[in-house]
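The values are calculated or read from the model by the stated rules, or taken from the named source; none is laboratory data. None of these values were measured; they are calculated from a predicted model. With ideal geometry, Cβ positions are generated from the backbone for all residues, glycine too; neighbour counts draw on all protein chains shown. The protein model used for the area step is the full one, side chains on, heavy atoms only, and it has no ligands, DNA or RNA in it. Shrake-Rupley method; radii C 1.70, N 1.55, O 1.52, S 1.80 Å.
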Amino acid sequence: MDGSVLKIGDQLLINSQLIDVENGFVLWSDQYDRKMKDIFATQDEIAHNITHALKITLSPSEQQAIKAPATEQFLAYDYYLRGWDFIYRFGPKNLNLARVMFQQAINSDSEYGPAWAGLAISTAFLHIYYDPNPKLRPQCDQASLKALQHTPDLPESCIARALALHINNQFQDAEIYFQRSIELNPNRFESYYCFARMRIHQGRHRQAIELFEKAMEVEPDDYQSPLLLVGIYNGLGEHEKAHKVAQQGVEIAQSFLKLNPNDARALCLSSNAWVELGETEKARDWVLKAIKIDPEYPATLYNAACFYTSQGEYDKALDVLEKILKPGTSLWTWIKHDDDFKALRTMDRYQHITDKFQK
């Protein structure tokens, strides 16, 4: 599927085409000259034209999936799309901007369930990766409940509720909503990826592997799942698989970094894969670059601690862990089950740090 949208004032010029990836032939193409107010009807029209061109019959659930968005307010929908764009850019600044966009969408339409879901998801990601402030937990919880109230059968609403329960350590209830989101849309990356991360928090590594592998299947251009699998496979003694996903992950990350050279998360997550591939100097270089970009954020420093541990630089690793272990952080349960830190767990200083945190 390829296309472009040109906006001039209140007018939209939309070009769309369907291309056979095996031979490059254009199976269908069309042009739409529409008013902005007709955008939802135009989306629906394009979707139905594509199904006609493919000569397929949609099931009732598929017909439901391509219905127009659950709002008649174009401004709300525009803010909603901007919110997801910021989520995919990741990082604390972008996640906060995502929250602003979703809140603006809600201000335009307070019953717009997908915007409430987006607000909950972006808040959960901010809390998990960057900001341990406990005030974020009830905010996420309330937004996820609003999402379910307005759009109970939307996969995003179920993911939002699962994440809200996850960050409140209600893992059993969260599992129900993750599974429901997968039932509603088996091709949604966030369902598998976020569910897999929760499994690691629980120490259930085998189930995490299955979910990360499914996430890789539905989103082959995402670097996170293969890079996170490296440590899990190594912890289970499956070194050949660890080497394979390390190679796969850094290849994807390198392509991503060509377009996003200052993405600290991609740099940090890749560092341990470079260690697995024997490129320790490159791993160190990427870690130091990531810290220079994001020197204060827990997700960056966490992965730096993993690298320092792998190199036997235990004091540096413990310095970093002591810096990021703060009340309210959800990183604690991850650290407890992360095999990258096996070498630290028998050390007195590690015990001192964790005892202090738990008090």
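Values computed for the structure shown
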quantity	calculated
Residue count, region 4-48 (criterion: of a type in the set (V, I, T) and touching a residue at least 24 places away in the same chain (Cβ under 8 Å))	4
Of all residues making up region 1-43, the number that are exposed (fewer than 13 other Cβ atoms within 10 Å of the Cβ) and of a type in the set (V, I, T)	4
Residue list for region 107-121, filter: hydrophobic (A, V, I, L, M, F, W, C) and open to solvent by 10 Å² or more (accessible area, probe 1.4 Å)	W116, L119
Odd one out for G203 among (1) within 26 Å of V275 (Cβ to Cβ); (2) in contact with a Leu (Cβ under 6 Å, 6 or more places away or on another chain)	(2)
From D173, D153, residue being open to solvent by 50 Å² or more (accessible area, probe 1.4 Å), of a type outside the set (V, I, T) and either free of Cβ contacts under 8 Å to residues at least 12 places away in the same chain or touching a strand residue (DSSP E or B) at 6+ places or on another chain (Cβ under 9 Å) (or both)	D173
Leading residue by the ranking (surrounded by the most Cβ atoms within 10 Å (Cβ to Cβ)) among those in region 228-244 that are free of Cβ contacts under 8 Å to residues at least 24 places away in the same chain and outside any loop (DSSP other than H, G, I, E, B)	L229
Yes/no for P92 being at pLDDT below 90, farther than 25 Å from P152 by Cβ and open to solvent by less than 60 Å² (accessible area, probe 1.4 Å)	yes
Residue ranges of helices (runs of 4 or more DSSP H) in region 251-335 with at least 2 members over 16 Å from Y350 (Cα atoms) and among the polar types (S, T, N, Q)	264-276, 298-310
Residue within region 122-141 that is in contact (Cβ under 8 Å) with a residue 40 or more places away in the chain, farther than 25 Å from Q224 by Cα and crowded, with 22+ Cβ neighbours inside 10 Å present	no
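Yes or no, residue by residue, for (1) more than 25 Å from K214 (Cα to Cα); (2) hydroxyl-bearing (S, T, Y):
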{"position": "S225", "(1), (2)": "no, yes"}
{"position": "G237", "(1), (2)": "no, no"}
{"position": "K244", "(1), (2)": "no, no"}
{"position": "L257", "(1), (2)": "no, no"}
{"position": "P295", "(1), (2)": "yes, no"}
{"position": "Q311", "(1), (2)": "yes, no"}
{"position": "L318", "(1), (2)": "yes, no"}
{"position": "L321", "(1), (2)": "yes, no"}
